[in-house]
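Just below is one structure, and these are the notes that go with it.
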Amino acid sequence: MVHLCKPTFEDKDYGRGAGIPVLKTIWELIDLSLLFSQTGIRKHSGIASWILAFAYICGLIGRVGSANENAKFSADAPFLQHLLSGKQITQSAFSRFLSKPVPWLKFSLGRLSRLQERTESRLTDGDIIVLDDTKVEHPHGKMIPFLCWLFDSSEKRHVWCMNLVSTLAVVKNGLEYPMLWRFWVKADENNARK
């Protein structure tokens, strides 16, 4: 009897940012670059705002933990280097872009409108819209306006948190995409823990 050796599997190390071209294809399919401009979200630190947003999302997908690490990721990922044409995104550019007031609701409504124009992403009878509220605990931020005391039923305790309410579309063909989100703010802080 002949003994066969165990198969060897290649360790496919695709490098940082290997999925970025796929994300860019989806980005262009919905034409988000034009939507940024139509919403009035233009340049920041000499870089188009859609490139800043795209690069930041690429970093989030690459599990980058901070704006500083995201700036390093943008400099290391070959596809982003090509997209940036030699420019560098700094940590300061990311931080300022993310902290300045931007009409995100208008942008999100435009994105939803574009998704409804396409047959594969359009909502029809039988599709599902999921409503979720997520409590994100924030024990140290006492002056942030959208934080409040809420009861977390899963942990059976009151938490000082933000309450992110979001909706997600689940289409019959299996496609899922985020719709809208808001921070829910407790209107009455009297008896805050009730």
request  = Spot the failing condition for ALA53; the list is (1) surrounded by 14 or more Cβ atoms within 10 Å (Cβ to Cβ); (2) within 21 Å of LYS100 (Cβ to Cβ); (3) in contact (Cβ under 8 Å) with a residue 60 or more places away in the chain, and only one is missed.
outcome  = (3)
request  = Name, by its number, the condition in (1) loosely packed, with under 12 Cβ neighbours inside 10 Å; (2) free of Cβ contacts under 8 Å to residues at least 24 places away in the same chain that does not hold for TRP160.
outcome  = (1)
request  = Could you tell me whether any residue of the stretch 142-158 is part of a strand (DSSP E or B), touching a Pro at 6+ places or on another chain (Cβ under 8 Å), at pLDDT 85 or above and over 30 Å from LEU29 (Cβ atoms)?
outcome  = no
request  = Name every residue in the stretch 56-89 that is surrounded by 13 or more Cβ atoms within 10 Å (Cβ to Cβ), under 14 Å from the mean Cα position of the chain (by Cα), without any contact (Cβ under 8 Å) to a residue 24 or more places away in the chain and part of a helix (DSSP H, G or I), in order of residue number.
outcome  = GLY59
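Within the stretch 17-48, can you find the residues that are assigned to a loop (DSSP other than H, G, I, E, B), under 17 Å from the mean Cα position of the chain (by Cα) and closer than 23 Å to ARG96 by Cα?
Correct list: ILE41 only.
Residues are listed down the side, and each one gets a yes or a no for (1) in contact with a helix residue (DSSP H, G or I) (Cβ under 7 Å, 6 or more places away or on another chain); (2) under 24 Å from LEU23 (Cα atoms):
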{"residue": "ARG114", "(1), (2)": "yes, yes"}
{"residue": "THR119", "(1), (2)": "no, yes"}
{"residue": "ILE129", "(1), (2)": "no, yes"}
{"residue": "VAL136", "(1), (2)": "no, no"}
{"residue": "LYS142", "(1), (2)": "no, no"}
{"residue": "ASP152", "(1), (2)": "no, no"}
{"residue": "LYS156", "(1), (2)": "no, no"}
{"residue": "GLU176", "(1), (2)": "no, yes"}
{"residue": "PHE183", "(1), (2)": "no, no"}
key: Close pairs (8 angstrom Cβ cut-off, 6 or more residues apart or separate chains): within 13 Å of ASP132 (Cα to Cα) and at pLDDT 90 or above in the stretch 165-185, among the aromatic types (Phe, Trp, Tyr) and not in a loop (DSSP other than H, G, I, E, B) anywhere   = VAL165/TRP181; VAL165/PHE183; VAL165/TRP184; SER166/TRP181; THR167/TRP181; LEU168/TYR177; ALA169/TYR177
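The values are calculated or read from the model by the stated rules, or taken from the named source; none is laboratory data. Because the structure is predicted, anything quoted here is derived from the model rather than measured. In this analysis, Cβ positions are derived from the backbone assuming ideal geometry, glycine residues included, and neighbour counts consider all displayed protein chains.
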